[in-house]
Amino acid sequence: MPSEFQGQADRTRVERLLVRYVSTHSVNPTIDGGAGEADMASLLFSDLRDWGFDPVREPVHPGGRDNVIATLPGREGAPVVMFHAHLDTVGLSGKATANALSTGGNVYGRGACDTKGSLVAMVEALRLLGSVDAAERATVMLVGGIDEEVGGTGAQELAAAHPEVDMAVLGEPTSLEIATAHKGVLRFDIATTGIPAHSSKPHLGRNAIYAMGRVLDILQTDYLTSLDPAGHPLAGPATLAVTTIRGGSGFNVVPAECVIGLDRRVIPGENHEALLEEFDSLLARLDVPLERRDPFLMTAPLDTPATDPVVQALKQAREEATGREADPIGVTFGTDASALAPAGISCVVFGPGSIDQAHSDEEWVGIEETAIAAEILAQTALNLATG
């Protein structure tokens, strides 16, 4: 293995970048109708170019919503590792605005931990690696990706366009823990149909909302109780939640339709098509006019073996930096690994900050933790060169 990385992240630069990046509005446009990641992509591209890299912008959606990529070549024959952090954030709320505040060793603002802290750590790691002889490092592809918070289209484009990538570190707030497993998602609607009538003579119609009551009942009494409470050793149990409901057209009309939205979290080893067949079999037991509609979101779970080279390289780097054991964990949230791992890219999730702060009214990330993350990532690229 190469000697322990001697470079140290510049804490002042890390703080400055955190403030600049968090202060750059990049709310996913599906959420607020704005410009999305365009300004953040331009800023990252400009910074990388000014620092001597040769970045490219790969368009995904119109309006400058591009994946930004900079590649630092390494030793011939060493793996290509992607350092990936998404540029988009959820909407603004509370103190989590696009006006970053640095105080008490932390930077506050929307996107601070989810996931501009990871982006800064990866940028700083790339700068540190730039001072190392290419023969001592793996090839690193830094990616600022788009659309993680909604559709995952940025990662889907990456997976299709870059078959040369062997492995990836997905930047997300894991408190510097190494996550090798998480759940996937299956989302779809169920609609019941009725016959409209005047509400003063409901017997002349058929109430779609009453029919949906039977669907909800069987989901609670039969489906939920059938789920294995143990689930996956790291990702935990599969879950189901009915998250939306809509129906009816007015107080004086027997409703002709009721629609519920379901969020099924998929654990490693489960198959989306098999799960849909289970729902169809369950619903067929009901004497209710209904339709199980096609899924509008299906993402794969993640389950990377602890023995995978990227896990081992990151584990060694993290243990050297912190002096603590770094056994892999699972996380409850999904990541862009759902698009990359099925393409044959070994994925691990790692970054500064806590998921407890992500999407909250007071989001923040620690400056020191971000700097340590940068050093761990840089050492990981060195470990992969000879591992």
Quick check on this structure: which one of Lys201, Lys183 is free of Cβ contacts under 8 Å to residues at least 40 places away in the same chain and open to solvent by 10 Å² or more (accessible area, probe 1.4 Å)? Lys201
Just the residues that are open to solvent by less than 60 Å² (accessible area, probe 1.4 Å), more than 20 Å from Ala160 (Cβ to Cβ) and not hydroxyl-bearing (Ser, Thr, Tyr), please, taken from the range 59-93. Gly64, Leu72, Gly74, Ala78, Val90, Gly91
Selection from the range 16-60 of residues that are out of contact with any strand residue (DSSP E or B) (no Cβ under 6 Å at 6 or more places or on another chain) and charged (D, E, K, R): Arg16, Arg20, Asp32, Asp39, Asp47, Arg49, Asp50, Asp54
Being modelled with pLDDT of 95 or more, out of contact with any Lys or Arg (no Cβ under 8 Å at 6 or more places or on another chain) and in a helix (DSSP H, G or I) narrows Val123, Val81, Val107 down to just Val123
Kindly indicate whether any position in the range 183-199 is assigned to a loop (DSSP other than H, G, I, E, B), modelled with pLDDT of 95 or more and within 16 Å of the chain's Cα centre (by Cα). yes
Would you point out which residue out of Ile218, Ile209, Ile178 is in contact with a Lys or Arg (Cβ under 9 Å, 6 or more places away or on another chain), within 30 Å of Val259 (Cβ to Cβ) and of a type outside the set (Asp, Glu)? Ile218
Among Ala191, Ala235, Ala241, which is in contact with an Asp or Glu (Cβ under 8 Å, 6 or more places away or on another chain), closer than 25 Å to Ala337 by Cα and surrounded by 18 or more Cβ atoms within 10 Å (Cβ to Cβ)? Ala235
Quick one: in the range 8-33, of everything that is hydroxyl-bearing (Ser, Thr, Tyr) and in a helix (DSSP H, G or I), which residue is farthest from Lys116 (Cα to Cα)? Thr30
Leu224 versus (1) closer than 30 Å to Val80 by Cβ; (2) within 27 Å of the chain's Cα centre (by Cα): which is the lone unmet condition? (1)
Given (1) assigned to a helix (DSSP H, G or I); (2) under 23 Å from the mean Cα position of the chain (by Cα), number of the condition Gly36 does not satisfy: (1)
Mind listing just one residue for me: the one in the range 94-143 that is of a type in the set (Lys, Arg) and within 23 Å of the chain's Cα centre (by Cα) and, of those, most open to solvent (accessible area, probe 1.4 Å)? Lys95
Collect the residues in the range 153-173 that are within 25 Å of His25 (Cα to Cα) and either charged (D, E, K, R) or open to solvent by 10 Å² or more (accessible area, probe 1.4 Å) (or both), keeping them in residue-number order. Thr153, Gln156, Glu157, Glu172
Going through Glu291, Glu270 one at a time, which residue ends up being open to solvent by 30 Å² or more (accessible area, probe 1.4 Å) and in a loop (DSSP other than H, G, I, E, B)? Glu270
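The values are calculated or read from the model by the stated rules, or taken from the named source; none is laboratory data. Owing to the predicted nature of the structure, the values given are computational and were not obtained by experimental measurement. In this analysis, Cβ positions are derived from the backbone assuming ideal geometry, glycine residues included, and neighbour counts consider all displayed protein chains. Ligands, DNA and RNA are stripped out before the accessible areas are found, and what is left, the full protein with its side chains, is counted by its heavy atoms. Shrake-Rupley method; radii C 1.70, N 1.55, O 1.52, S 1.80 Å.
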